[in-house]
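Here is the structure we will look at, set down as structure tokens.
Bear in mind that the values in this text are calculations on the coordinates, not laboratory data. In this text the structure is predicted, and so the values were computed from the model without any measurement. We place every Cβ from the backbone using ideal geometry, glycine too, and count neighbours over all the protein chains shown.
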């Protein structure tokens, strides 16, 4: 592991520390404070000339602050003559705007790709992008990991008999089908409509598939306000499911999310630590770590070995 350095900003330091423990190295020494007016004050406190640098910085809430931190850190390492700079972005913010779905709107994911590359990243390592095609927005290599191995292992150990995996929308069918295959389960689909004029607003129309008398597992990439998730869970419960579970990679949990989950028929929501929630008090939410997956990917990138062994 000679020549490799792992640094982080303020977005998810516990995850970066866990990655370093897994790799058996020390987290890089840097100043990540802020000036009194709120500007990010960054300085690298060790020599990184010629080093293979990995910056762990999910762009989670507050998104804009963490994006600016990432850009400033990238510039600092570029100006400090690091040989390669990999932006490790476990949660990639602004990914929901990956195309023009209405007139006069931006493609925010492309803007993010442009500024990350311009700031100095020579490679990106990310996990469960909201839209897989975002990889193509970058003109630098992108390693796209999936949290599925961690989540699948957890639910496989629960040994839920006669399980049905539910895709919360048509866009999530491929993901849900992969889970169903690995768990030897059937597949169902929630038919819902999203209000394009109002963000975070959906209406579940129907459940396509057999869920009556069976435990159901809703599989998604992220949970934001939990409106869609809890509506799907309610529809499944009304169709006669014996138990409703849910899992996702990115637990944004903004606005009324925790209250909605607490009032829903979801028995357990399993998420990962791509986004930190140090004060999470809801007992039905279980957080699993993806530090091992990210650490193995970092090791493979540094040693120029295959990352595909980490895919499901």
Relative contact order of segment 104-155 (C-alpha contacts under 8 Å, at least 6 apart) in percent is 37
For helix 148-158, what angle does its Cα long axis make with the longest principal axis of the chain, in degrees from 0 to 90 and rounded to 10? 40
For a quick check: sort 71, 129 by the number of other beta carbons within 10 angstrom, fewest at the front. 71, 129
I'd like the orientation of helix 63-79 relative to the chain: the angle between its Cα long axis and the longest Cα principal axis, in ° from 0 to 90, rounded to 10. 30
Whole-Å distance linking the alpha carbon centroid of segment 32-91 with that of segment 230-294 is 30
Semi-axes in Å, largest first, for the chain (Cα gyration tensor, √(5λ)) are 35, 21, 18
Under 1.5 on a/c is rounded, so check that first for segment 1-82, then, if it is not, pick prolate when a/b is larger than b/c and oblate when it is not; a ≥ b ≥ c are the square roots of the alpha carbon gyration tensor eigenvalues. oblate
Rounded to the nearest 5, what is the percent of antiparallel bridges among the DSSP beta bridges in the chain? 20
Least to most buried among 127, 222 (fewest other Cβ within 10 Å first): 222, 127
DSSP bridge pairs, segment 9-117: antiparallel proportion in percent, nearest 5: 50
Between residue 107 and residue 65, take the C-beta separation as r, use R0 = 25 Å, and let me know the FRET efficiency to the nearest 0.05. 0.65
Relative contact order for segment 60-173 using alpha-carbon pairs under 8 Å, separation at least 6, rounded to a whole percent? 23
Over the chain, what relative contact order in percent results from Cα pairs under 8 Å that are six or more residues apart? 14
Between helix 173-182 and the chain: long-axis angle, C-alpha atoms, 0 to 90°, nearest 10: 80
Would you mind computing, in nm to one decimal, how far apart the modelled labels at residue 81 and residue 306 are, each placed 7 Å from Cα along Cα→Cβ? 3.7
